[in-house]
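Presented below is the structure to which this report refers.
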Amino acid sequence: MDIAKLLSCGQSRSTTEAIVNYIGSDKERFAELMAVFYRDDLRMQQCAAWPISVVAENDPKLVEPYLAKLIAYLPRQDVHAAVRRSVVRLLQFVEVPRRLHGKVFSHCVDLLSNPNEPIGIRCFALTVAARVAEDHPALLNELRLVAEKQRDQASAGLRVRIRRLFSEP
C-alpha cells in the first residue's frame with residue numbers, strides 16, 4: 001500500500017481505517033506513515049496526523065520512538081490545528097517518559113489556556129496535563145488553578161472534563 005498516495009486523496013474515516021488496518025503493529029509500516037507526516041507538505045502532514053493518533057491508541061509502543069519529535073509540534077502555530085489535536089490526543093494513550101513530563105505539561109497548559117485553540121485540543125491538553133501531573137502535587141494544583149480560570153468561558157465538554165478531573169472523591 002502506498003500510504004502517501006492514499007492520503008493524497010484526502011482525509012476520511014475510511015482512509016484512516018484502511019491505513020490503521022494496514023499498519024497493524026508493524027514498525028516498518030508505521031515508519032512509512034511517519035515519513036509522510038514529516039514531509040514538508042502541510043496538507044499531507046494534516047492527513048497523516050489522524051491515522052497516527054489512532055495507531056497510538058491501538059498500539060502505543062509504536063509511537064514511543066517518535067514522541068520527542070511529535071511533542072515539538074504542540075506549540076507550533078505554523079501547522080494545522082488538526083496536527084496539534086492529533087498529537088495531543090495520542091499523548092492520552094502513551095506513557096510519556098519522565099524526561100518529557102515538564103515539556104509536555106508546559107505545552108498542554110499553554111494549549112488549555114489559549115482561548116483561540118479549538119475545544120478538542122484544549123480538552124485533550126487538560127487530560128494529558130492531568131496524567132503527567134498525577135505524581136506531582138504542585139503541578140496538579142497549578143493545573144487545577146488554570147482549569148478553574150477556564151471554566152466560565154469553557155464549552156460544556158471542557159467544563160465536564162474539568163469537573164471529572166478535579167471533583168472531590
Practice task
Considering only residues that are under 19 Å from the mean Cα position of the chain (by Cα) and basic (Lys, Arg), look in the range 116-169 and name the one that is surrounded by the most Cβ atoms within 10 Å (Cβ to Cβ).
Solution key: Arg122
Completion exercise
Restricting the range 50-95 to residues that are within 16 Å of Glu32 (Cβ to Cβ) and part of a loop (DSSP other than H, G, I, E, B), the one most open to solvent (accessible area, probe 1.4 Å) turns out to be Asp59
Exercise for the section: Could you figure out which of (1) over 21 Å from Ala72 (Cα atoms); (2) in contact (Cβ under 8 Å) with a residue 40 or more places away in the chain isn't true of Arg29? Expected result: (2)
Exercise for the section: Go through the range 28-49 and give me each residue that's at pLDDT 95 or above and either among the acidic types (Asp, Glu) or exposed (fewer than 12 other Cβ atoms within 10 Å of the Cβ) (or both). Expected result: Glu28, Glu32
Practice task
Please list, ordered by first then second residue, the pairs with beta carbon atoms under 7 Å, 6 or more apart or interchain, first in the range 145-164 and in contact (Cβ under 8 Å) with a residue 24 or more places away in the chain, second open to solvent by 60 Å² or more (accessible area, probe 1.4 Å) and in a helix (DSSP H, G or I).
Solution key: Ser155/Ile119; Gly157/Ile119; Leu158/Ile119; Ile162/Arg151
Exercise for the section: Collect the residues in the range 1-20 that are more than 19 Å from the chain's Cα centre (by Cα), surrounded by 12 or more Cβ atoms within 10 Å (Cβ to Cβ) and either under 25 Å from Gln77 (Cα atoms) or of a type in the set (S, T, N, Q) (or both), keeping them in residue-number order. Expected result: Ala4, Leu7, Ser8, Thr15
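The values are calculated or read from the model by the stated rules, or taken from the named source; none is laboratory data. Here the structure is a predicted model, which means the values were calculated and not measured. Here the Cβ is made from the backbone with ideal geometry for all residues, glycine too, and neighbour counts use every protein chain on show. SASA here: full protein model, heavy atoms, side chains in, ligands and nucleic acids out. Shrake-Rupley method; radii C 1.70, N 1.55, O 1.52, S 1.80 Å.
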